[in-house]
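No value in this document is a laboratory result; all are computed from the given coordinates. It should be emphasised that the depicted structure is a prediction, and the values quoted were computed from it without experimental measurement. No Cβ is skipped: glycine too gets one built from the backbone with ideal geometry, and neighbour counts run over all protein chains shown.
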Amino acid sequence: MSRYRNLALFLVLAAVWGSAFMAIKAGLAYIPPVLFAAIRYDIAGVVMLAYAVVVVDDPIPRGRTEWTAVAIGSLFLIAGYHVLLFVGESDPAVTSAAAAVVVSLSPVLTTAFARLFLPGERLTAVGIVGLLLGLVGVVVLTQPNPNDLLGGGAVAKLLVFGAAAAFAFGSVLTRRLDATMRIETMEAWSMLGGALVMHAVSAALGESLADAVWTVESVAALAYLSLAASAVGFLIYFDLLDRLGPIEINLVSYVAPAFAALSGWLFLAEVPTVYTVVGFVLIFLGFALVKREAIRAELPRLRGRGRLPGVRDD
């Protein structure tokens, strides 16, 4: 059943990253935003470096290419994305729904960057329609208030948009560089490097550890974000990035809000509405359009007529 491994990992990643929005919002009530993000990756980076030491023969990047990959991961995937996201979400005008919609632009932005840097990753017209259809599904699912989305908190929402752009750009550059070091090494050093950058930004903004309030809720939010969403999440992310490419793996942005809605129903008694159902359907249809060739290739195997060939679509 190894052919379903990518799908299983994709769903796990969507689940932990989707629920991370709730943890971020909870922690921001107690800890300054950039400092919050920096401490998150202090913990995650140390955990992942310890893991890399155990599973990798040489857990230290070697040569210019590998250190360049670490620098890209530190600046764009870790520091750039999280500084902009945490500061943007700290604005009361930026609701979780609005942030989810803006972050879900990441696959579209990734496609645009891939057209510039990775000609082999280009989408066809049908694939682009699939991406846009998935985005419509996210909008329906989260039900943002159009007046609020376009009105108050415009600067903060632009920061969240910048976070999505930084992550998409970093994904494409990492793929283009094609460094040969192990995923565990890449992740650990990128987290530590990103944490150092964020501590510098936090200090420049005048944030202080004395301003943080340590409660059960804030500690729980920090622990979940550090271990589940960061350490485990990025390990899965880099693995799937290598297997699927930046366009397809960033479709997780479409599925994560669905898991946020599901977790709200299970743990907060938030009953899904008709908009939730329609949003799920649109997201599924968009994903199906982008993955149509792989799905078509899988059908014969399901009917007992063959095996899944190694087809790359869009």
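Note that the range 27-41 has calculated 3J(HN,Hα) couplings of x, 5, 6, 10, 10, x, x, 5, 4, 4, 5, 5, 5, 3, 8 Hz, one per residue in order, obtained from phi through the Karplus relation 6.51 cos²θ - 1.76 cosθ + 1.60 (θ = phi - 60°); glycine and proline are x.
Each part gets one Cα centre, and for the range 178-200 versus the range 1-69 those centres are 9 Å apart. Length gained on full extension, A112 to I128: 4.7 nm, using 0.36 nm per residue less the C-alpha separation.
Y237: net charge of surrounding residues, Cβ under 15 Å, Lys/Arg +1, Asp/Glu -1, itself excluded? Kindly include the intermediate steps, with their values, before the conclusion.
Details: positive: R5, R175, R182, R243; negative: E184, E187, D239, D242, E248.
It works out to a net charge of -1.
If the segment from V277 to V53 were pulled out straight at 0.36 nm per residue, it would be longer than the present Cα-Cα gap by 76.2 nm.
Quick one: if you stick a label point 7 Å off each Cα along the C-beta vector at D242 and A203, how many nm between them? Output for this residue pair reads 3.4 nm.
Working note: Karplus 6.51/-1.76/1.60 with θ = phi - 60° gives the range 181-187 the couplings 6, 5, 4, 4, 5, 4, 5 Hz, where Gly and Pro are set to x.
Compute the signed sum of charges (Lys and Arg +1, Asp and Glu -1) over the other residues within less than 15 Å, Cβ to Cβ, of L209. Mind dumping the intermediate values first?
Values: positive: R40; negative: D42, E207, D211.
So the environment of L209 carries a net charge of -2.
In a DSSP loop and with at most 14 other Cβ atoms within 10 Å, the trypsin sites (Lys or Arg not before Pro) in the range 33-118 are R62.
Panel order for L209, L77, L222, by other beta carbons found within 10 Å of each beta carbon, from fewest to most: L209, L222, L77.
Please arrange T110, T180, T124 by how many other C-beta atoms lie within 10 Å of their C-beta, fewest to most.
Details: T110 31, T180 9, T124 14.
Exposure proxy ranking, most exposed first: T180, T124, T110.
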